[in-house]
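**Q** Following this message is one structure expressed as C-alpha cells.
The values are calculated or read from the model by the stated rules, or taken from the named source; none is laboratory data. Not measured: the values here are computed from a predicted model. Cβ coordinates were reconstructed from backbone atoms using ideal geometry, including for glycine residues, and neighbour counts include every protein chain displayed.
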Amino acid sequence: MPFSWQKTCRSSERRLRTKEVSRLPSKRVLVVEDDPALMELLRLLLEREGLEVEVAQDGLQALDQLRAHHWDLVLLDLHLPKLEGLDVLWEMRHDAHLQSVPVIIISVDDSPHTMLQGWRLGVDSYFLKPFDPDELLRVVRRILSLPCEASYNV
C-alpha cells in the first residue's frame, strides 16, 4: 500500500496541536516544499519545537524569501516548480549572505548522482521521503544547537 502524506498529516496535525509548544529561542526555518500536505506537516512539526517557520512552494519563491530575510535553516525539496531544489542550493552556496545557511534536503530522489550533487554543494543532511519525523527533529535540533526533547511519535 503506498504511503499517504495526507493521512499522516491529518493524524499528526491533531497530535501536534494538543501538545504545548516548547519554550526555545526563536530560530527561523524556511520550508521549501510543493506538496501542501507535507509542507503543513513540516510546518506544524517545526512550530511545535518553538521555531518560526515560513514556507515557499517553488524554487523562485524560495530564492526571493531567502534573499529577503535571515534564516537559520532551510528544509528543501529537490523537485520543485519553476526552479529545481539543487539550483536553489547552488544559488545559496554562491551568495555571500546565504552560503553558510544550513540546508536539509527532503526528497524522493535517491539517485546516487543527485545525492552526490547535494553533498558537493554542502547540504547538511539528506532525508528520503517518506522519512522518520523524530529523526528529522533530531537533526534539526543538532544543526540549530537546540536541546534534545522526547520523541513525538508522529
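**Q** Testing Leu45 on (1) without any contact (Cβ under 8 Å) to a residue 60 or more places away in the chain; (2) surrounded by 20 or more Cβ atoms within 10 Å (Cβ to Cβ), one condition comes back false. Which one is that?
**A** The one condition Leu45 does not meet is (1).
**Q** Name the residues in the stretch 127-137 that are outside any loop (DSSP other than H, G, I, E, B) and either exposed (fewer than 12 other Cβ atoms within 10 Å of the Cβ) or not hydrophobic (A, V, I, L, M, F, W, C) (or both), would you?
**A** If the condition is that a residue be outside any loop (DSSP other than H, G, I, E, B) and either exposed (fewer than 12 other Cβ atoms within 10 Å of the Cβ) or not hydrophobic (A, V, I, L, M, F, W, C) (or both), then Pro133, Asp134, Glu135 are the ones that fit.
**Q** Is there a residue being in a helix (DSSP H, G or I) and either modelled with pLDDT under 95 or within 15 Å of the chain's Cα centre (by Cα) (or both) anywhere in the stretch 94-105?
**A** So far as the stretch 94-105 goes, no, none of its residues is in a helix (DSSP H, G or I) and either modelled with pLDDT under 95 or within 15 Å of the chain's Cα centre (by Cα) (or both).
**Q** Go through the stretch 107-126 and report how many residues are closer than 19 Å to Leu60 by Cβ and either surrounded by fewer than 16 Cβ atoms within 10 Å (Cβ to Cβ) or of a type in the set (A, V, I, L, M, F, W, C) (or both).
**A** So the count comes out to 1.
**Q** Could you list, in sequence order, all residues of the stretch 9-47 that are at pLDDT below 95, in a helix (DSSP H, G or I) and out of contact with any Pro (no Cβ under 8 Å at 6 or more places or on another chain)?
**A** If the condition is that a residue be at pLDDT below 95, in a helix (DSSP H, G or I) and out of contact with any Pro (no Cβ under 8 Å at 6 or more places or on another chain), then Cys9, Arg10, Ser11, Glu13, Arg14, Arg15, Leu16, Arg17 are the ones that fit.
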